[in-house]
Every structure is written in structure tokens, then in C-alpha cells.
Amino acid sequence: MNDCVFCRIAAGSIPADIVERNDEAIVVRDLNPQAPTHLVVIPTRHFAHLGEFVEQASSDEVGRLFALASRVGKRAGSEGYRVVVNEGEHGGQTVFHLHLHVLAGRRLQWPPG
């Protein structure tokens, strides 16, 4: 999708602070961090949201995306980390390309907001 910012980041047409990349996903540092470490895990294929991803991708692909979030979370937060997926406008989603937020580096509060 030409107008999707995360598709453009994954394609390399918008610069980003890349932490890790593979054929299926890219991990970048968030431009507006909500914790000392705030990474965004983005599938390279466009899915508008988690529900679409789970319906259309293979279970292996879903597992690999969450495994990647876990791996970068463990590296980022030795004391713990949080993985957040905002689903839809009322769930706080502002970019309609599935992405997982990985937050670490401080004690995170509950409820989140």
C-alpha cells in the first residue's frame, strides 16, 4: 500500500532506526517512545489489524511474529517487558497496519490507560 507508513518503512522508502529485520518483519525504534525502550514490530506484508492477520496468515507466521516480539523484548528488558497490540480505533490503533509495541526499561503500570 503506497500510502501506508509502515509499508513504506518496511520497503525502505522511509528511514527508520532498524533494530532487526527478516523476510517477514521489521523491528524499529518508536519515534514517540512511551518507555525508555519502545520498539515496534511490523510485519512486512500489509494487514490492517490483528484480526485480519490471524485470519489470513498461517499459524506459523503468527507464531514467528510473536516470537520476534518476545526475543527483542527479552533483549530490551531484563526485568520484564510488555507487548501491546492496539486493535481498531477504540482500541487505540492509529496506524492501520498491524504492529506490536514492545515496551521495556521501567516498571510499567496497570491498568495501562
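Please rank Phe96, Phe66, fewest neighbouring Cβ atoms within 10 Å first, as an exposure proxy.
Phe66, Phe96
Using only Cα atoms, find the angle between the long axis of helix 59-76 and the longest principal axis of the chain, and express it within 0 to 90 degrees, rounded to the nearest 10.
The angle comes out at about 40 degrees.
Using C-alpha positions alone, give me the convex hull volume of region 51-107 per residue in cubic angstrom.
Taking the convex hull of the Cα positions in region 51-107, it is 81 Å³ per residue.
Sort all Cα-Cα distances of the chain into consecutive 10 angstrom bins from zero, then give the percent of pairs in each bin up to the one containing the longest distance.
Calculated over all Cα pairs of the chain, the distribution is 14, 48, 34, 4 percent.
Can you work out the FRET efficiency for the pair Thr44 and Val84, with r the C-beta to C-beta distance and R0 = 30 Å, to the nearest 0.05?
0.90
Please list the non-local residues whose amide H lies under 5 Å from the amide H of Ala25, H modeled 1.01 Å from N, same-chain partners needing a gap of 5 or more.
HN-HN under 5 Å from Ala25: Thr44.
Here, each number is a calculation from the coordinates, and none is a lab measurement. All of these numbers come straight from a predicted model, not from anything done at the bench. Neighbour counts run over all protein chains shown; Cβ positions are idealised from the backbone, glycine included.
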